[in-house]
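K.L.:
Quick one: the structure is below, and I'll ask about it shortly.
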Amino acid sequence: MTIETDRGIDRADIAELREAVRGDVHRPSDPGYATIPFNVVVSRRPWAVIDVIDADDVAAVVAFAAANAMTVAVHATGHGATELDGNTLLVRTGRLDRLHVDSVTRSATVGAGLRWQAVIDAATPLGLAPVCGSAPGVGVIGMLTGGGIGPMVRALGSAADYVREFTVVTGDGRVRRAAPDENAELFWGLRGGKATLGVVVDTVIDLLPLTGFYGGALYFDGDDAAAVLHAWQAWTRTLPDDADTSVALLRLPDLPGVPPMLAGRFTVAVRFASLADPAAAATVLAPMRTAAPPILDAVAPMPYAAIGGIHADPTDPMPVFEDSVLLREVTPETIAALVDKAGPTSGSPLLLVELRLLGGAFAREGATRSALCHRGAAANVQIVGVLAPPIADVVPDATRAVLAALAPFSDGARLPNFTASSDPETIGRCYDDDTRVWLAALARQHDPAGVLAVGQTVR
C-alpha cells in the first residue's frame, strides 16, 4: 500500500524523520504501520505512524510536520477516532507508559499511553481511586481532554476537574507544563478542548480515598421498557446527588461473553452507583427493583476496581455508527418519544440507546475553570448501532430517527467525548460561543502553522 499527496513531503527521505526521533517510524509498507481504531469503519491512513517514547519525540514530530505543511494526530486506544489521510503524521502513545502513584499526596502521574484500568489497579491496593469513565479500557488522556464523565458523574463530577497538571507539546513544538500556576490558559483549554491545543505527554491527577461503592445494573425484559423507563424518569426526580444512574435499551447479540439471559434479546438495563452506605443506597434503589420483574439483579457492594462492571461496555473494536446529544430535560414526554422510536414495537436495530442522568457535582464548576461546557444539561443520550449485515443499511436512519424524536427536549448541545467528528459545526455544538472563540484564539497563538488542525479540534 502506498499513500501519495500533492505535498513535497512525498519525495522526502523518511530517514530525516527517523533521525529526528528515538521511537520507531512506520511507513505504509512497514509491518508496524497498521493502527486500528475502536470503530473499525474509520479510515486512518496517515503518511507515517510514529511510536514516540518521550516529549522530545513528540516535539520533533510536530516540528517535522510544521516544516512540511503536514498535520499531527494522536492514537492511544483508538476511541473517538476520526478519519486521517496522507497529509497527517500519527503519533502513537503506547510507549508513554509512565505510572507513579503517590499515596502521601494522593496523586498519580500517568503517561499518555495508559488506560484507566492500569491506574485503578495501581491505586486501589493503597485505598485510593481515580475518577474514571464507565469503560476502564479507554485511554486516560483522551477521556480527560474531553471533559470525561463516568458512572459517578453526579457524585464526583467530571474527571477533568481532578487534573492537577499536564505536560503537553503545543503546535509550535514547545514542551510546556500546563497547570493553574503555569500556562493557566492552556490548562483551562486542555480540559474539554480535546486535541485542539496540544499533544499531552502525561498528566498528574488527584486520587480519592475510595475503596468501593454500591452499584451495578438491573436488567429487565424489553417488553417492560415503557414501564421501566417511566418509573426511572419519576425516580430520578428525587434522586440524591450522591447517587448515579443511567438507563439503556440493549439489543445484545448472542455471542460468547454475553450473559445467556441477555443474549439475543431486547432488554433494559438500569445502571446504578452510590457512595452511600450500602443499606442506604439499597433503599434509594428499591423503587426501581419493583418497576418490573428483573431478569437479572447485578447490583451489590463492589470494589472500586470493578467499576467497569456497572456499564459492562464492549472491549473489542467493532464497526459502528454512533451519535449523541444532550437533553435539557427528561419528562414523561421524553420517555414516550424514546420508547416510540427505540422500544419493543419500534423494530429498532440499535445495539444501545442510553440516557445518562447528569446534574449533581457535574453541574458545578470545578475548583479551576475548564473548557467543559453544558454543565446544566439534564442527561446525555448515546446511540450505537453495529454496521454489520443484515442491519447495516438501516442503522444510520434508525439513529437519526431517535435523535429527531428527542429534538424537542434538546438544544442540540453535545459533550466532546461523545462526538467523534471532524465536522466543525458538530464540534462547535460541544461548546458555548465564548468557549469556542477562546479555544480558537489559543489554537492560533500556540499553533500558528495549524499542525494540530486535524480531527476533533476547534479552529
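The values are calculated or read from the model by the stated rules, or taken from the named source; none is laboratory data. All figures in this text were calculated on a predicted structure; none of them were measured in a lab. No Cβ is skipped: glycine too gets one built from the backbone with ideal geometry, and neighbour counts run over all protein chains shown.
K.L.:
If I ask for residues that are hydrophobic (A, V, I, L, M, F, W, C), farther than 21 Å from Arg251 by Cβ and in contact with a helix residue (DSSP H, G or I) (Cβ under 8 Å, 6 or more places away or on another chain), which ones from segment 301-354 would you list?
P.N.:
Met302, Ala305, Ile307, Leu327, Val330
K.L.:
Does at least one position in segment 261-268 carry a residue that is basic (Lys, Arg), farther than 29 Å from Ala378 by Cβ and not in a loop (DSSP other than H, G, I, E, B)?
P.N.:
Narrowing segment 261-268 to residues basic (Lys, Arg): 265.
From the residues that got through so far, the ones that are farther than 29 Å from Ala378 by Cβ too are 265.
Applying the additional criterion that residues be not in a loop (DSSP other than H, G, I, E, B) yields 265.
Yes: segment 261-268 contains one or more residues that are basic (Lys, Arg), farther than 29 Å from Ala378 by Cβ and not in a loop (DSSP other than H, G, I, E, B).
K.L.:
Pairs, please: C-beta under 8 Å, at least 6 apart or cross-chain, first residue closer than 25 Å to Asp221 by Cβ and in segment 276-290, second part of a helix (DSSP H, G or I) and not aliphatic (A, V, I, L, M)?
P.N.:
As it stands, the answer is Pro287/Trp235; Met288/Trp232; Met288/Trp235, since those pairs meet every condition given.
K.L.:
To continue, here is another question. Scan segment 225-256 for residues that are farther than 21 Å from Thr399 by Cβ and either assigned to a loop (DSSP other than H, G, I, E, B) or at pLDDT below 95 (or both) and jot them down.
P.N.:
Listed by number, the residues that qualify are Arg237, Thr238, Leu239, Pro240, Asp241, Asp242, Asp254, Leu255, Pro256.
Matching residues to (1) among the charged types (D, E, K, R); (2) within 21 Å of the chain's Cα centre (by Cα); (3) surrounded by fewer than 23 Cβ atoms within 10 Å (Cβ to Cβ); (4) modelled with pLDDT of 95 or more:
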| position | (1), (2), (3), (4) |
| --- | --- |
| Asp323 | yes, yes, yes, yes |
| Glu329 | yes, no, yes, yes |
| Asp340 | yes, no, yes, yes |
| Leu350 | no, yes, no, yes |
| Leu355 | no, yes, no, yes |
| Phe362 | no, yes, no, yes |
| Ala367 | no, no, yes, no |
| Ala371 | no, yes, no, yes |
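K.L.:
Taking segment 421-459 only, how many residues are hydroxyl-bearing (Ser, Thr, Tyr) and free of Cβ contacts under 8 Å to residues at least 40 places away in the same chain?
P.N.:
Final tally of qualifying residues: 1.
K.L.:
Further question: Could you run through segment 421-449 and say how many residues are closer than 25 Å to Arg174 by Cβ, of a type in the set (A, V, I, L, M, F, W, C) and not in a helix (DSSP H, G or I)?
P.N.:
1
K.L.:
Wholly within segment 96-196, which helices (runs of 4 or more DSSP H) include no fewer than the required count, namely at least 2 residues that are out of contact with any Phe, Trp or Tyr (no Cβ under 7 Å at 6 or more places or on another chain) and under 27 Å from Ala60 (Cα atoms)?
P.N.:
Ranges flagged: 140-145, 184-190.
K.L.:
How about segment 57-72: which of its residues are farther than 16 Å from Val21 by Cβ and either under 26 Å from the mean Cα position of the chain (by Cα) or in a strand (DSSP E or B) (or both)?
P.N.:
Listed by number, the list holds a single entry, Thr71.
K.L.:
Take segment 212-252 and flag every residue that is under 24 Å from the mean Cα position of the chain (by Cα) and charged (D, E, K, R).
P.N.:
Result: Asp241, Asp242, Asp244, Arg251.
K.L.:
While we're looking at this one, here's another question. Starting from residues that are in contact with a Phe, Trp or Tyr (Cβ under 7 Å, 6 or more places away or on another chain) and not small (Gly, Ala, Ser), keep the ones in segment 76-86 and report whichever is farthest from Phe418 (Cα to Cα).
P.N.:
Thr77
K.L.:
When residues of segment 169-204 are filtered for being surrounded by fewer than 22 Cβ atoms within 10 Å (Cβ to Cβ) and hydrophobic (A, V, I, L, M, F, W, C), how many remain?
P.N.:
Residues meeting the conditions: 4.
K.L.:
If you check Leu296, Leu285, which single one turns out to be part of a helix (DSSP H, G or I), over 25 Å from the mean Cα position of the chain (by Cα) and aliphatic (A, V, I, L, M)?
P.N.:
One residue alone meets the criteria, Leu285.
K.L.:
A further question follows. Find the residue count for segment 271-282, including only residues that are in contact with a strand residue (DSSP E or B) (Cβ under 6 Å, 6 or more places away or on another chain), not in a loop (DSSP other than H, G, I, E, B) and not polar (S, T, N, Q).
P.N.:
The number of residues fulfilling the criteria is 5.
K.L.:
Name the residue, out of Thr77, Thr71, Thr82, Thr109, that is buried (at least 24 other Cβ atoms within 10 Å of the Cβ), outside the structural domain of Pro317 (by TED's automatic domain parsing) and among the polar types (S, T, N, Q). Spell out how you get there, then give the answer.
P.N.:
Details: Thr77 fails: buried (at least 24 other Cβ atoms within 10 Å of the Cβ); Thr82 fails: buried (at least 24 other Cβ atoms within 10 Å of the Cβ); Thr109 fails: buried (at least 24 other Cβ atoms within 10 Å of the Cβ).
On inspection, the qualifying residue turns out to be Thr71.
K.L.:
Which is outside the structural domain of Pro151 (by TED's automatic domain parsing) and either of a type in the set (Phe, Trp, Tyr) or at pLDDT below 95 (or both), of Pro278, Pro259, Pro303, Pro293? Before the answer, list the steps.
P.N.:
On the way: Pro278 fails: either of a type in the set (Phe, Trp, Tyr) or at pLDDT below 95 (or both); Pro303 fails: either of a type in the set (Phe, Trp, Tyr) or at pLDDT below 95 (or both); Pro293 fails: either of a type in the set (Phe, Trp, Tyr) or at pLDDT below 95 (or both).
Going through Pro278, Pro259, Pro303, Pro293 in turn, the sole match is Pro259.
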